[in-house]
Amino acid sequence: MVRTMRLTQRGHRRESGTAIAKLGFGLYERFIRNYKMLSLGPEADMRRREFLGVLGGAAATLAVCTTVLNAADEKALLGHIMWSAFQCSTYAELSDYKSEQERLHLVGLNAGRTFLEAMKAGQISEQALREAVPINVLQRLEGPSNEVIIDKIYAAATGYARDYIVKRKTGIWGPTEKQEARSYYTNHNCILIR
């Protein structure tokens, strides 16, 4: 995990990765301490201004930290979108939804390219990778180029989806492959992948 150093208003160093965890409790302590001081003494107006400054600075720090972490998490989620889009493109193909199959294939390709570029640029933390990216994608991240890696992931995702439907044993009166694929297409919310 990449950690960057930030300075608080008082000049203390704080790591951005742990800032969010520590910020909530530290804010509460400062709030209680400053709240008690607000109504006491002749310098109450000055204390109120200091208190509002501290509160505003803490809120701004929290907003910046969550924005940075959310951007990294969004890029990590592209690995999950890639895998799901490739699987759903197989369900669409087996369901005879040709236009959906092409659309989902392109969504998977674009998500995969963006994900791999962000990963190679170091924009995705190890923690975000572990939490958001499927293990099937993580196992196939080595290759001479991004296109080869995406091809390996595509082959695995489509093979997994195809095997699950085609090789699955159903009873004599069970659904056909096309019905099964349409069911999986619907149940996996494939139409929502963009």
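Using a simple spin-label model with points 7 Å from Cα along the Cα→Cβ vector, what separation in nm is obtained for Asp73 and Lys98?
Label at Asp73, label at Lys98, 4.1 nm between them.
Under a crude label model (7 Å from the Cα following the beta-carbon direction), how far is Thr114 from Gln127 in nanometres?
2.4
Can you sort Ile191, Ile149 so the residue with the fewest Cβ neighbours within 10 Å comes first?
Ile191, Ile149
By count of other Cβ within 10 Å, fewest leading, how are Leu104, Leu192, Leu94, Leu77 ordered?
Fewest to most other Cβ atoms nearby, the residues stand as Leu192, Leu77, Leu94, Leu104.
Provide, for the stretch 97-172, the number of lysine pairs with alpha carbons under 24 Å apart, each pair being eight or more places apart or on different chains.
So the count works out to 4.
Let me have the relative contact order for the stretch 73-192, percent, based on Cα pairs under 8 Å that are six or more residues apart.
38
Fewest to most neighbouring Cβ within 10 Å: what's the order for Asp73, Asp96?
Taking fewest neighbouring Cβ atoms as first place, the list is Asp96, Asp73.
Within the stretch 84-120, name every residue whose backbone N is under 14 Å away from a label modeled 7 Å from Cα of Lys178 along the Cβ vector.
92-98
Between Thr186 and Leu141, what is the label-to-label distance in nm when each label sits 7 Å out along the Cα-to-Cβ direction?
Label at Thr186, label at Leu141, 3.7 nm between them.
In nm², what is the average projected area of the convex hull enclosing the Cα atoms of the stretch 73-192?
7.5
Every read-out reported here was derived from the displayed coordinates using simple, explicitly stated rules and does not represent laboratory data. Worth saying up front: this structure is predicted, and the values here are computed from it rather than measured. Quick reminder, even Gly has a Cβ in these numbers, built from the backbone with ideal geometry, and neighbours come from all protein chains shown.
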